[in-house]
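Worksheet for the structure shown next.
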């Protein structure tokens with residue numbers, strides 16, 4: 001592609017690179033200049049303009065962006081994604097339904113390395129998506145891309161994106177309580193909100209005493225579910241604690257304990273036969289994001305989770321701390337704040353102002 005300033009007699013059919021203000025209006029950048037446009041420029045006393053002119057092997061920005069998007073998602077229906085061309089060298093990709101995003105990061109890196117004018121930006125891999133959420137955007141920076149470079153980019157990024165839809169929709173939730181007065185309502189509400197985001201539903205629930213025998217009996221009684229969640233009234237602080245041991249007594253197995261995500265450290269992962277089991281950390285009672293969300297979302301969408309997967313979540317695993325955490329990670333946060341003195345009712349930091 002040629003780019004630069006040219007006199008008007010060489011600008012016919014070229015692409016205007018910068019908008020030009022005229023007495024009778026404006027010529028917008030990206031416009032292919034026609035004879036009438038050149039007459040308006042000349043009448044305004046403008047003798048030259050900055051333009052782009054495509055070479056015979058170039059592909060214009062809109063066609064190039066669409067080609068990249070179609071290479072990333074060859075079968076949108078099967079991939080659970082919608083392609084939306086917006087012009088100016090951009091195509092956005094959106095989730096066709098709820099699910100989690102699969103990204104072939106190596107393919108995206110290779111695509112972005114083919115030509116500086118070709119760019120693809122995606123949401124993080126395994127991010128939960130709502131219907132209509134944008135998962136990626138393709139943007140061609142220049143007005144055109146060299147055809148061979150475009151072909152190389154399409155090959156590099158082939159089928160790199162898809163949305164994994166919910167597969168495990170029947171969820172069993174067992175809670176334990178230390179205090180007989182606890183009703184488990186807070187935990188149930190928070191977990192129900194999480195599962196509903198992925199079109200899953202809590203179909204069985206139980207509330208039992210925080211004892212190995214009681215919890216093991218509740219686990220054994222579960223029937224016809226796709227995922228078992230255990231939320232204990234007292235934190236699980238060891239692989240031999242009440243919840244992991246109850247799973248073993250019920251005939252299940254514990255595959256991994258702990259995770260390098262905060263909040264969410266005190267999670268364990270196991271199985272009862274073919275049904276995955278997540279021992280939830282106490283922070284799951286809050287609707288705020290925590291490490292259990294990442295494990296639960298993948299399992300609901302049919303993506304296996306291994307101990308190695310959990311151990312690899314540490315980078316990016318420092319999440320926002322929930323305000324109700326009993327022991328904040330920063331010891332200084334446990335100290336009561338100094339008295340700031342009287343505050344005016346017009347203070348902008350006061351709630352409701």
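The values are calculated or read from the model by the stated rules, or taken from the named source; none is laboratory data. Note that the coordinates shown come from a computational prediction; the quantities given were computed from them, not determined experimentally. Here the Cβ positions follow ideal geometry from the backbone for every residue, glycine too, while neighbour counts run over all protein chains shown.
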Among the residues that make up the stretch 46-56, is at least one of them in contact (Cβ under 8 Å) with a residue 40 or more places away in the chain and assigned to a helix (DSSP H, G or I)? no
Restricting to the stretch 170-198, give me the number of residues that are more than 18 Å from residue 292 (Cβ to Cβ) and surrounded by 15 or more Cβ atoms within 10 Å (Cβ to Cβ). 3
Residue list for the stretch 292-319, restricted to those being outside any loop (DSSP other than H, G, I, E, B) and either out of contact with any helix residue (DSSP H, G or I) (no Cβ under 9 Å at 6 or more places or on another chain) or not assigned by TED's automatic domain parsing to the domain that holds residue 174 (or both): 299, 307, 308, 311, 318
Can you find, within the stretch 268-283, the residue that is farthest from residue 250 (Cα to Cα) among those that are buried (at least 24 other Cβ atoms within 10 Å of the Cβ) and out of contact with any strand residue (DSSP E or B) (no Cβ under 6 Å at 6 or more places or on another chain)? 283
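If you check 269, 289, 229, which single one turns out to be part of a loop (DSSP other than H, G, I, E, B) and either in contact with a helix residue (DSSP H, G or I) (Cβ under 9 Å, 6 or more places away or on another chain) or within 23 Å of residue 310 (Cβ to Cβ) (or both)?
Just one listed residue meets the conditions, 289.
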Would you point out the residue of the stretch 245-267, among those that are under 16 Å from residue 176 (Cβ atoms) and surrounded by 24 or more Cβ atoms within 10 Å (Cβ to Cβ), that is farthest from the chain's Cα centre (by Cα)? 246
For residue 69, only one of the following conditions fails: (1) more than 21 Å from residue 106 (Cα to Cα); (2) crowded, with 16+ Cβ neighbours inside 10 Å. What is its number? (1)
